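The values are calculated or read from the model by the stated rules, or taken from the named source; none is laboratory data. Keep in mind that what you see is a predicted model, and the values were worked out from it rather than measured. Ideal geometry is used to build each Cβ from the backbone, glycine not excepted, and the neighbour counts take in all protein chains shown.
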Amino acid sequence: MITFTEILEIFREYLQSTSCVEVLPTKWGYVRLYYEEPYCDSFEAVLCRTPEELFEVLLDHTLAEQEYRVSEASLKSEKNVSEILKATRDFYITKLQKSGE
């Protein structure tokens, strides 16, 4: 069984490198907060009651951010962007699987 601590370790580098996302413990699970300054209306909070929910929320956010970054950085084809996102998704899923061993 995977724990919240293991999920946070899987995404440690990502969470340290992004200034828009913070993950906090609550008595109901963990909350992923998103806030992008200077946009005051860009606040979002997602309650994750299980480690699996937290993994999915962080993975989705990581992929969305990477898709935006890759799309903005160059004029890559849609296929290239899809390949990059698939590689990122596979990277995190592999880390999750190794964590559960």
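Of GLN16, GLN97, which residue is modelled with pLDDT under 90, closer than 27 Å to MET1 by Cα and part of a helix (DSSP H, G or I)?
Within the list GLN16, GLN97, the selection yields GLN97.
Just to be sure I understand, how many residues within region 26-37 are at pLDDT 90 or above and out of contact with any strand residue (DSSP E or B) (no Cβ under 8 Å at 6 or more places or on another chain)?
Residues flagged as at pLDDT 90 or above and out of contact with any strand residue (DSSP E or B) (no Cβ under 8 Å at 6 or more places or on another chain) within region 26-37 amount to 1.
Would you please name the residue that is surrounded by the most Cβ atoms within 10 Å (Cβ to Cβ), looking only at residues in region 23-37 that are under 12 Å from LEU54 (Cα atoms) and free of Cβ contacts under 8 Å to residues at least 24 places away in the same chain?
Looking at residues that are under 12 Å from LEU54 (Cα atoms) and free of Cβ contacts under 8 Å to residues at least 24 places away in the same chain, I get VAL31.
Tell me, which residue of region 38-67 that is of a type in the set (Phe, Trp, Tyr) and at pLDDT 80 or above is nearest to LEU15 (Cα to Cα)?
Selected residue: PHE55.
What pairs can you find where one residue is in region 1-21 and surrounded by 16 or more Cβ atoms within 10 Å (Cβ to Cβ), the other is in a loop (DSSP other than H, G, I, E, B), and their Cβ atoms are less than 6 Å apart, with a gap of 6+ or different chains?
Listed pairs, sorted by first residue: ILE2/GLY100.
Listed residues LEU47, LEU54; which is of a type outside the set (Val, Ile, Thr) and surrounded by fewer than 16 Cβ atoms within 10 Å (Cβ to Cβ)?
Answer to the selection: LEU47.
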